[in-house]
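The values are calculated or read from the model by the stated rules, or taken from the named source; none is laboratory data. Worth saying up front: this structure is predicted, and the values here are computed from it rather than measured. Here the Cβ is made from the backbone with ideal geometry for all residues, glycine too, and neighbour counts use every protein chain on show. Side chains are part of the model used for accessible areas, which takes the heavy atoms of the whole protein and leaves out ligands, DNA and RNA. Shrake-Rupley method; radii C 1.70, N 1.55, O 1.52, S 1.80 Å.
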Amino acid sequence: MENKLKSKSNHLPPFFVEHMGGGEQKKAGGGGKKKEVKKETGLGLSFTKDENFGEWYSEVVVNGEMIEYYDISGCYILRPWAMSIWENIQTFFDAEIKKMKVKNCYFPLFVSPGVLQKEKDHIEGFAPEVAWVTKSGESDLEVPIALRPTSETVMYPYYSKWIRGHRDLPLKLNQWCNVVRWEFSNPTPFIRSREFLWQEGHTAFATKEEADTEVLQILELYRRIYEEFLAIPVTKGRKSELEKFAGGLYTTSVEAFIPNTGRGIQGATSHCLGQNFAKMFEINFENEKGEKSMVWQNSWAYSTRTIGVMVMVHGDNKGLVLPPKVAALQVIVIPVPYKDADTQGIFDACAATVAILSDAGIRAEADLRENYSPGWKYSNWEMKGVPLRIEIGPRDLANNQVRAVRRDNGEKTDISRVFLVEQVKGMLEKIQQNLFDVAKQKRDACIEVVKTWDEFIKALGQKKLILAPWCDEEEVEKDVKARTKGEMGAAKSLCTPFEQPELPEGTKCFASGKPATKWTYWGRSY
C-alpha cells in the first residue's frame, strides 16, 4: 500500500514492492544502488532501471511529468504530457473503428445492483473491485449504486430494447470513458489504478461468423497501437479458459513482456461474448425468415495501461524515451549561445527552425528560457523523453546548419538548414523503428522454449517468457499456479499464440505429461 502521498513530485512514496520488481525492491532510500544526481543540473534519477526497477519507474513517471500523485491511494492525475500520448493513440483508433461503422456513445457511470448482478459469472469476476455509493449527503441510499467496473451490464438492457429485427443489426457502439475498480494491492501508475481511462466497444451481430471476424479485426488494431505507435512488440493469441473474460465465450489479447522484471503484461483484449449476455438480457431479434434468434456479441477494450507499458519498455536511466509517433513534442530546439555570441541571431534561428518544422507537420518547440543553462535544458528534455533535440550555437549559425541529437541512442548529426525538414523526418522515422527493433530484440532474447517441468522452473527463475507444450486442461493450469505460488506471484498462461510452432507428434505437456495439443506462453504477469 502506498504511504501518505506527498505533495511534491520529487518526494516519492515508498513503492509497490512485488508487482514492479519481482520482490527485490525496498522503500525509497533503502533499496538498490542510488545514482548520484547530476550536480551541474540538479536533474537525474536516484535509481537505475536494472538495479531497482520499481523505484526507477515511480521516479520516471513523476519527474517526466506524466503523472502527479493524488490524495486518494491508487488514483493519479494524468498530466498533459501523458494525456497527449493518450489522445494521439485515441485519434488513430477512433478513426479506424469509425471505418468499421462503429459509433461513439456514452452510458452513465452508475449501475443499479439488480442489473449488475444479473449475469452471475460476469459479476463474480469483478465483485471484489466494485465500488458502491451508499450515501447522499448524510442520508443512506435506500438502494446502493455501483460505479461501473466495465459496462456490459450497463449497456445490454438497452440493447434488448433497441434490437428487434435483423435490420437493427449489427449494432456497433463504443464509448471513451473512465471505469473504477477499487479492490487491489500495490497500486501502480498506469498499470494498476483505481480509476482509469479506456475505450470499450460493445457490438451485436446476427451470426457468430460476423462476431468472430470483428474480434480479430479489433485485435489487429490493438497490435498496430502497440507495434506501430508505441514501438512495443506484442504477441496476438487466445486466453485459456481460466484466464478468459468472465461470462464470455472466448478472449483474445495482445501480450507484451517487460524484460527487466520478467513479467508478461496484457496489452488489450478483444472478447467474443457468444450468446451468454444475450440470454441473460433477452437480446433477441426476428431474422429474415421471421424466426426469433439471439444475437452474438463482442466487447473489446484498451486503456491508459498502454502508456505504462511504453514507459517500462523504452525508458532508460535518463528518464522517458518517447516514440515519435505518440510524443506530444517530437523536436525541442535549444539555443546554445556563448560569450560575445549573436544571441538574438541564435534565438531568431531557433524560432525560424520551429516555424519550418511546424509548417511541415512536425511537433516542435523552442526552449528560449534564459534562466536555465543549455546543459540543464538538455537533461530536462531528456528526462521528458523528447525524441529529437536540435541545438543551435554560433558555429551552427555561421554554417547555416543545426546539430540534431537523438534521444534513443545519443547520436549527433549536423544538418544543413537547406535539408532540415526531410532530414528531421527521416531521423524521426529511424528513431521510431529503432525503438521497436531494440525492444523486440530484448523481448526475443527472453523467450525460452521448454518441454519439461524442470526446464520450466529453471526458466521461471531466470525471468523468462516461457513457450511450452500444453495439454490445454484447466486443472493442469490451476496446478501450475498452485505449484509456483510464492513471494513473486504464481506463474500462469499468458496466451496461446495464433502463430503456432510445429508440434511434433507425441509431444507431452510440460506440466502433466499428457499429450500436448498446443504451444502456450507462460510466465508471471502484472
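Given the residues Asp472, Asp479, which is the only one that is in contact with a Ser or Thr (Cβ under 9 Å, 6 or more places away or on another chain), on the phi > 0 side of the Ramachandran plot and not aromatic (Phe, Trp, Tyr)? Show your work before the answer.
Working: Asp479 fails: on the phi > 0 side of the Ramachandran plot.
After applying the criteria, what remains is Asp472.
Being of a type in the set (Phe, Trp, Tyr) and surrounded by fewer than 18 Cβ atoms within 10 Å (Cβ to Cβ) is the filter here; which residues of segment 142-192 pass it? Once the filter is applied, which keeps residues that are of a type in the set (Phe, Trp, Tyr) and surrounded by fewer than 18 Cβ atoms within 10 Å (Cβ to Cβ), segment 142-192 yields Tyr158, Trp162, Trp176, Trp182, Phe184. Restricting Glu411, Glu391 to residues that are open to solvent by 60 Å² or more (accessible area, probe 1.4 Å), among the charged types (D, E, K, R) and out of contact with any Cys (no Cβ under 8 Å at 6 or more places or on another chain) narrows the list to Glu411. In segment 178-194, the residues that are closer than 14 Å to Ile72 by Cβ reach residues that are of a type in the set (Phe, Trp, Tyr) and in a loop (DSSP other than H, G, I, E, B) with C-beta atoms within less than 6 angstrom, at least six apart or across chains, in these pairs: Arg194/Trp182. Taken over segment 448-471, residues that are open to solvent by 50 Å² or more (accessible area, probe 1.4 Å) and free of Cβ contacts under 8 Å to residues at least 60 places away in the same chain amount to 9.
The residues of segment 286-307 that are buried (at least 22 other Cβ atoms within 10 Å of the Cβ) and either of a type in the set (Lys, Arg) or more than 23 Å from Arg181 (Cα to Cα) (or both), listed by number, are Val295, Trp296, Gln297, Arg305.
Among the residues examined, Ile218 does not qualify as crowded, with 24+ Cβ neighbours inside 10 Å, within 23 Å of Leu322 (Cα to Cα) and aliphatic (A, V, I, L, M).
Which count do you get for residues in segment 117-133 that are at pLDDT below 80 and either open to solvent by less than 50 Å² (accessible area, probe 1.4 Å) or within 27 Å of the chain's Cα centre (by Cα) (or both)? Give the steps one after another, and end with the answer.
Quick first cut of segment 117-133, residues at pLDDT below 80 only: 117-127.
Within this subset, residues satisfying the condition of being either open to solvent by less than 50 Å² (accessible area, probe 1.4 Å) or within 27 Å of the chain's Cα centre (by Cα) (or both) are 119, 121-127.
Looking only at that region, the number is 8.
Apart from one condition, Gln423 fits all of (1) of a type outside the set (D, E, K, R); (2) touching a residue at least 40 places away in the same chain (Cβ under 8 Å); (3) surrounded by fewer than 18 Cβ atoms within 10 Å (Cβ to Cβ); (4) over 26 Å from Thr252 (Cβ atoms); the exception is (2). The selection criterion, being small (Gly, Ala, Ser), closer than 30 Å to Trp519 by Cα, open to solvent by less than 60 Å² (accessible area, probe 1.4 Å) and not in a strand (DSSP E or B), holds for Gly489.
Ile346 - would you say it is of a type in the set (A, V, I, L, M, F, W, C), in the same structural domain as Ile415 (by the TED database) and open to solvent by less than 20 Å² (accessible area, probe 1.4 Å)? It is true that Ile346 is of a type in the set (A, V, I, L, M, F, W, C), in the same structural domain as Ile415 (by the TED database) and open to solvent by less than 20 Å² (accessible area, probe 1.4 Å).
Is at least one residue of segment 80-101 assigned to a strand (DSSP E or B) and either in the same structural domain as Phe190 (by the TED database) or not aliphatic (A, V, I, L, M) (or both)? Within segment 80-101, none of the residues are assigned to a strand (DSSP E or B) and either in the same structural domain as Phe190 (by the TED database) or not aliphatic (A, V, I, L, M) (or both).
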